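Data block below; observations after.
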Amino acid sequence: MNAANRKSCGLTVFLSVACFFVWLAPTAFADPPPTRADVTLFGTAYIDLAKVAGQLGMKLNISKNLEEGVLSSRWTRVRFKKDSRLMLLNNYKVYLGYAVAYHRGKLYLSTHDFDKALKPLLTPQVFTSVPRLKTIVIDPGHGGKNPGAINKNLGMIEKDLTLDLAHRLKAVLESRGYRVFLTRNKDQTVENGNRPMIANRYKADLFVCLHFNSVGSRSVKGIETYTFTPQNQPSTARSRLVDEDRKAFPTNRYDPWSTLSSFYVQRQLIKTMGGVDRGIKKARFSMMLDLQCPGFLVEGGFFSHYKEARKIKTINHRIRIAEAIADGIGTYHKTLQRISNPDA
Ligand SMILES: [Zn+2]
């Protein structure tokens with residue numbers, strides 16, 4: 001967070017309005033109950049977007065053709081499109097579990113997304129189980145016999161650069177007072193399923209997985225951040241619910257904080273690095289399956305995109321990525337402190 005932001009309004013870290021914090025005072029000792037549905041559409045529970053606006057103390061504007069709804073308040077604009085899972089929060093991309101639906105002249109948001117995306121991002125103070133943030137475990141993706149993405153022309157192997165980035169991030173975070181551990185400190189094989197166990201052993205308060213992307217198309221580029229998919233939602237790569245989606249995993253206990261921390265980090269990465277915002281996405285990655293803390297996974301750019309890969313290869317670029325992630329974590333931390341101690 002830059003100094004100007006900090007100065008302009010202490011509550012901008014909430015993304016949201018100062019009045020939220022006053023108007024929606026923390027509830028007594030229990031997280032909010034699941035939102036009640038107005039209607040079931042395509043087998044999914046939905047709430048009228050106008051009601052969402054009312055509950056958040058925001059205004060709702062719906063376009064004349066009923067294709068788009070915008071929730072707005074002093075600091076915040078949240079844009080939804082009919083039949084789309086993409087939500088724009090102050091122009092940053094967040095993928096919802098379910099598409100926004102049109103029904104009898106109104107736009108509807110799934111209750112799952114209201115509870116698992118909007119509330120954590122706009123009114124995190126309604127969640128009472130506020131975690132502390134002292135110990136951070138960084139997980140450099142791949143390693144040993146698992147190289148990850150490779151760019152032969154540029155001589156880049158993902159496992160080497162995630163480890164390099166992890167060490168840089170560790171140094172920045174330690175300089176800011178955090179206890180930091182890595183799931184691997186050298187080029188060694190670590191099974192993905194063991195990675196959350198390592199974080200749990202260190203009693204991590206936040207788990208940060210670092211990766212770089214690669215796809216067949218050479219034109220795809222940008223940065224994206226994943227959180228663990230909430231219960232009863234399909235991951236971003238799928239549009240329909242399958243049986244596995246109905247299961248609650250240990251990591252799901254920290255859904256609001258994973259969502260909030262990932263948003264601040266992705267937003268800071270885009271602010272600092274520029275380039276394409278590929279948004280906050282959801283997946284049930286095995287390296288985040290049994291976490292006992294919030295966590296997210298950063299895909300810091302594409303090895304398969306020539307220009308982006310060349311940038312990632314430079315030390316300066318990786319220093320900036322590390323600083324952006326640390327800055328995003330810092331904003332998250334300030335928010336936790338403010339929720340825990342609103343009168344400070
Ligand atoms: Zn990877």
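Within the set of pairs 6+ apart or on separate chains, which have a first residue in the stretch 198-223 that is at pLDDT 95 or above, a second that is among the charged types (D, E, K, R) and more than 16 Å from the ligand (Cβ to nearest atom), and C-beta atoms under 8 Å apart?
Hits for this filter: ASN200/ASP290; ASP205/ARG132; ASP205/LYS134; LYS221/LYS307; GLY222/ASP277; ILE223/ASP277.
Under 7 Å by Cβ, and 6 or more places apart or on different chains, what pairs join a residue from the stretch 137-148 that is of a type in the set (S, T, N, Q) with one that is near the ligand (Cβ under 10 Å from one of its atoms)?
Close Cβ pairs satisfying both conditions: ASN146/LYS159.
In the stretch 201-218, which residues are under 18 Å from TRP257 (Cβ atoms), in contact with a helix residue (DSSP H, G or I) (Cβ under 9 Å, 6 or more places away or on another chain) and more than 16 Å from the ligand (Cβ to nearest atom)? Give the derivation first.
Taking the stretch 201-218 as the starting set, the residues that turn out to be under 18 Å from TRP257 (Cβ atoms) are 202-209.
Of the ones still in play, those that are also in contact with a helix residue (DSSP H, G or I) (Cβ under 9 Å, 6 or more places away or on another chain) are 204, 206-209.
Result: ALA204, LEU206.
Being assigned by TED's automatic domain parsing to the domain that holds ASN194 and assigned to a strand (DSSP E or B): is that true of LEU297 here? Outline the logic, then answer.
Numbers: assigned by TED's automatic domain parsing to the domain that holds ASN194: yes; assigned to a strand (DSSP E or B): yes.
So LEU297 passes the test.
Please verify whether the stretch 242-253 includes one or more residues that are surrounded by 24 or more Cβ atoms within 10 Å (Cβ to Cβ), in the same structural domain as ILE150 (by TED's automatic domain parsing) and more than 16 Å from the ligand (Cβ to nearest atom).
Initial filter on the stretch 242-253 (surrounded by 24 or more Cβ atoms within 10 Å (Cβ to Cβ)): 251.
From what's left, in the same structural domain as ILE150 (by TED's automatic domain parsing): 251.
Now narrow it down to the ones that are more than 16 Å from the ligand (Cβ to nearest atom): 251.
Taking every residue of the stretch 242-253 in turn, at least one turns out to be surrounded by 24 or more Cβ atoms within 10 Å (Cβ to Cβ), in the same structural domain as ILE150 (by TED's automatic domain parsing) and more than 16 Å from the ligand (Cβ to nearest atom).
How about the stretch 300-344: which of its residues are of a type in the set (Phe, Trp, Tyr) and either touching a strand residue (DSSP E or B) at 6+ places or on another chain (Cβ under 6 Å) or assigned to a strand (DSSP E or B) (or both)? Before you say what the answer is, go through the steps one by one.
Applying the first criterion (of a type in the set (Phe, Trp, Tyr)) to the stretch 300-344 yields 302-303, 306, 332.
Residues satisfying the conditions are PHE302, PHE303.
Can you find even one residue in the stretch 321-336 that is of a type in the set (Phe, Trp, Tyr) and within 20 Å of ASP115 (Cβ to Cβ)? I'd like the intermediate steps shown before the answer.
Of the stretch 321-336, the ones of a type in the set (Phe, Trp, Tyr) are 332.
Next, only the ones that are within 20 Å of ASP115 (Cβ to Cβ) stay: 332.
Yes.
Under the condition of being of a type in the set (Lys, Arg) and within 16 Å of the ligand (Cβ to nearest atom), which residue from the stretch 122-181 is farthest from GLY328 (Cα to Cα)? Please lay out each step first, then the result.
Taking the stretch 122-181 and keeping what is of a type in the set (Lys, Arg), we get 132, 134, 145, 152, 159, 168, 170, 176, 179.
From what is left, the residues that are within 16 Å of the ligand (Cβ to nearest atom) are 145, 159.
On the way: LYS145: 32, LYS159: 23 Å.
Filtering first and then ranking leaves LYS145.
Would you confirm whether any residue within the stretch 256-278 is surrounded by fewer than 24 Cβ atoms within 10 Å (Cβ to Cβ), more than 16 Å from the ligand (Cβ to nearest atom) and free of Cβ contacts under 8 Å to residues at least 12 places away in the same chain?
Yes, the conditions are met somewhere in the stretch 256-278.
Looking at GLY54, is it surrounded by fewer than 20 Cβ atoms within 10 Å (Cβ to Cβ), assigned by TED's automatic domain parsing to the domain that holds SER110 and at pLDDT below 95?
Numbers: surrounded by fewer than 20 Cβ atoms within 10 Å (Cβ to Cβ): yes; assigned by TED's automatic domain parsing to the domain that holds SER110: yes; at pLDDT below 95: no.
Spelling it out, it is not the case that GLY54 is surrounded by fewer than 20 Cβ atoms within 10 Å (Cβ to Cβ), assigned by TED's automatic domain parsing to the domain that holds SER110 and at pLDDT below 95.
Which residue is farthest from GLY301 (Cα to Cα), if the candidates are limited to the stretch 212-226 and must be in a loop (DSSP other than H, G, I, E, B) and not polar (S, T, N, Q)?
Applying the first criterion (in a loop (DSSP other than H, G, I, E, B)) to the stretch 212-226 yields 214-222.
Cutting the leftovers down to not polar (S, T, N, Q) gives us 215-216, 218, 220-222.
Numbers: VAL215: 11, GLY216: 14, ARG218: 12, VAL220: 9, LYS221: 6, GLY222: 5 Å.
Only one residue fits best here, namely GLY216.
The values are calculated or read from the model by the stated rules, or taken from the named source; none is laboratory data. Just so it is clear, the structure is predicted and the values come from calculations on it, not from any experiment. Heads up, the Cβs are rebuilt from the backbone with ideal geometry, glycines too, and the neighbour counts pull from every protein chain shown.
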